[in-house]
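In what follows, a structure is listed as structure tokens, so that the remarks can point back to it.
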Amino acid sequence: MTTATIIVAAGRGTRAGGPKPKQWQQINGRMVADWTIDLFLPYGPVVLVINPDDTDIADTLKARDQIMLATGASERAGSVRAGLEQLTGIQPDKVLIHDVARPCTPKPVIDSVLAALETGKAAAPALPVTDALWMGENGFVTGTRDRTGLFRAQTPQGFDYQTILSAHQNHPGTAADDVEVARAAGIEVAITQGSDLNLKITAPEDFDRASRILEELYGSATG
Ligand SMILES: Nc1ccn([C@@H]2O[C@H](COP(=O)(O)OP(=O)(O)OP(=O)(O)O)[C@@H](O)[C@H]2O)c(=O)n1
Ligand SMILES: C[C@](O)(CO)[C@H](O)COP(=O)(O)O
């Protein structure tokens with residue numbers, strides 16, 4: 001079974017702030033993108049989907065073995081589609097689709113997705129919602145919502161390659177993630193075990209948290 005990974009890295013990281021998009025900022029001595037890429041190289045080829053404005057960084061990344069580059073789109077779904085189409089020459093059996101902004105994904109999270117793909121066409125990690133859920137307006141609670149059956153979605157989301165390629169090519173418009181695209185095409189998606197360590201760097205304070213998690217996972221070495 002051949003597995004390829006698509007790492008989407010064409011976003012601008014607006015919410016995280018900083019002098020450059022979050023994936024190109026340093027964490028524990030290395031770029032966020034380098035930490036993320038290294039998680040997936042042991043599984044097979046990696047496609048990194050980058051923004052057309054980031055050609056300077058592209059030159060550095062091209063020097064890394066086993067990485068193919070693709071040009072992203074203005075929406076995440078378009079960036080994923082570009083990555084999937086980049087893989088048509090390789091035709092892997094399975095594909096993992098991951099956010100570059102998740103550099104701390106523990107190996108068991110990835111392996112559980114791949115294990116679920118042995119018996120199904122789609123699988124993705126998630127954590128059940130454990131806090132109470134409120135509605136709010138103007139700083140006041142306006143209602144509550146039942147949390148039963150709600151999950152926080154993570155990546156990598158894994159698929160049979162041909163199945164998700166076709167689902168994306170037939171999906172009009174945007175999508176929050178690839179599970180949404182798969183489900184719109186009628187594909188059943190298994191939920192696998194996510195992890196609190198698998199955070200997505202989204203806000204400025206997430207850099208410190210990710211730094212602590214990387215230290216916890218790999219020790220205090222700076223890469
Ligand atoms: N047009 C886009 C938008 C997002 N992404 C990628 O999708 C992942 C999840 O998106 P998010 O965390 O929202 O990243 P950004 O879009 O960069 O963040 P922001 O919304 O704060 O600008 C990121 O790895 C991001 O690089 C992408 O490849 N192409
Ligand atoms: C795909 C995703 O990581 C699932 O949690 C997420 O939807 C992408 O980021 P965003 O913050 O929703 O744009």
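The values are calculated or read from the model by the stated rules, or taken from the named source; none is laboratory data. Just so you know, these numbers come straight off a predicted model, no measurement behind them. Cβ sites come from the backbone with ideal geometry, for glycine too, and all protein chains shown count toward neighbours.
The set of residues in region 51-76 that are away from ligand 1 (no atom under 15 Å from the Cβ), of a type outside the set (D, E, K, R) and assigned to a helix (DSSP H, G or I) comprises T55, T60. Counting only helices (runs of 4 or more DSSP H) that sit wholly inside region 101-210, those with at least 2 residues that are in contact with a strand residue (DSSP E or B) (Cβ under 6 Å, 6 or more places away or on another chain) and either away from ligand 1 (no atom under 16 Å from the Cβ) or at pLDDT below 95 (or both) are 107-116.
In the condition set (1) more than 23 Å from D93 (Cα to Cα); (2) surrounded by 12 or more Cβ atoms within 10 Å (Cβ to Cβ), G72 is compliant with all but (1).
For region 79-93, a tally of residues being within 15 Å of ligand 1 (Cβ to nearest atom) and crowded, with 19+ Cβ neighbours inside 10 Å returns 7. When R64 is tested against the conditions (1) at pLDDT below 95; (2) within 18 Å of the chain's Cα centre (by Cα); (3) among the basic types (K, R), the lone failure is (2).
Between L96, L48, the distinction of being crowded, with 20+ Cβ neighbours inside 10 Å, more than 13 Å from ligand 1 (Cβ to nearest atom) and part of a strand (DSSP E or B) belongs to L96 only.
Yes/no per residue for (1) within 16 Å of ligand 2 (Cβ to nearest atom); (2) out of contact with any strand residue (DSSP E or B) (no Cβ under 7 Å at 6 or more places or on another chain):
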site	(1), (2)
T5	yes, no
A9	yes, no
R12	yes, yes
R15	yes, yes
M31	no, yes
T36	yes, no
G44	no, no
K62	no, no
D65	no, yes
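Which of the residues spanning region 177-192 are touching a residue at least 24 places away in the same chain (Cβ under 8 Å) and loosely packed, with under 14 Cβ neighbours inside 10 Å? Correct list: E188 only. Contact map, region 143-165: residues that are under 16 Å from G194 (Cβ atoms) and polar (S, T, N, Q) paired with residues that are away from ligand 1 (no atom under 16 Å from the Cβ) and part of a strand (DSSP E or B), Cβ distance under 8 Å, separation 6+ or inter-chain. Pairs shown: Q154/L127; Q157/A122; Q157/A123. Evaluation of I110 against the conditions (1) among the β-branched types (V, I, T); (2) more than 15 Å from T3 (Cβ to Cβ); (3) away from ligand 2 (no atom under 14 Å from the Cβ) shows that the sole unmet condition is (2). Among the residues of region 12-22, at least one is within 11 Å of ligand 1 (Cβ to nearest atom), in contact with a Gly (Cβ under 7 Å, 6 or more places away or on another chain) and part of a helix (DSSP H, G or I).
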